[in-house]
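All remarks here apply to the structure that follows.
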Amino acid sequence: LGLFGFGFISYAFNSYGLYGMAKRENENTIMPWIPYINKYTLGRIAFKSNVHAAIMVTLAVINVIISMAIFFVARNLKLLYFLIILGFIISIILSVYCFVAHYRIYKKYSKSTVIMTVLDVLSLGLLGPFFIFAIKDNDEN
């Protein structure tokens, strides 16, 4: 229950924070509540670009597909290793994209940009949803 509970709470804080920002920036307010698709809203708010937002969603969906595929190819070790390495690489790329997106949002809505970014990276992204929630009502800098 611990990891599941933390994941659910983190998801709720992130979604509500993105919802508040999306509402203020006249973005789609339903997307922040859809798992993996909420990366689109994160990308739109951070980068103001459909391309970056689409890349973030694509990476997240590919990562999920690879994770599911790993269960089906467990007997083929070469393919299994390939999928694990590919999934790891895509996870790193997506994490960097998310950290940059969070940095841009922190810079836009907070005066503590550096502190929030450093703590977000050091926590491996675990604090990001709570920071997004905390600054959702802040005015733009």
Expressed as a rounded percentage, what relative contact order does segment 1-82 have, with Cα pairs under 8 Å and six or more residues apart? 16
Stokes-Einstein translational diffusion, segment 1-136 - Kirkwood Rh over all Cα pairs, 1.002 mPa s, 20 °C, in µm²/s: 137
Per residue, how much accessible area does the chain show when a 1.4 Å probe rolls over the protein heavy atoms, in square angstrom? 61
Direction-averaged shadow area of the convex hull around the Cα atoms of segment 65-119, nm²? 4.5
Relative to the Cα centre, what is the charge dipole magnitude of segment 7-97, using +1 at the beta carbon of each Lys and Arg, -1 at the beta carbon of each Asp and Glu, and rounding to the nearest 20 debye? 80
About its Cα centre, how strong a charge dipole does segment 79-141 have in debye, to the nearest 20, once Lys and Arg get +1 and Asp and Glu get -1 at the Cβ? 80
What number, in nm² with one decimal, is the all-direction average of the projected area of the convex hull of the alpha-carbon atoms of segment 1-72? 5.4
For segment 82-98, take each phi angle, set θ = phi - 60°, evaluate the Karplus expression 6.51 cos²θ - 1.76 cosθ + 1.60, and give the result in whole Hz per residue in order, putting x for glycine and proline. 4, 5, 5, 5, 4, x, 5, 5, 5, 4, 5, 4, 5, 4, 5, 4, 5
Could you check how much of the accessible area of the chain is carbon and sulfur, as a whole percent, using a 1.4 Å probe? 72
Can you pull the Kirkwood radius for segment 102-141, inverse mean 1/r over Cα pairs, to one decimal in Å? 9.8
Take residue 33 and residue 12, extend 7 Å from each Cα along the Cα→Cβ direction, and tell me the distance between the two endpoints in nm. 1.4
Segment 97-141, relative contact order in percent, only Cα pairs under 8 angstrom and at least six apart counted: 46
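The values are calculated or read from the model by the stated rules, or taken from the named source; none is laboratory data. The shown structure was predicted, so the numbers you read here are calculated from the model rather than taken from an experiment. Neighbour counts are summed over all protein chains in view; Cβ atoms, including those assigned to glycine, are modelled from backbone coordinates with ideal geometry. Remember, those area values only see protein heavy atoms, side chains included, never the ligands or the DNA or RNA. Shrake-Rupley method; radii C 1.70, N 1.55, O 1.52, S 1.80 Å.
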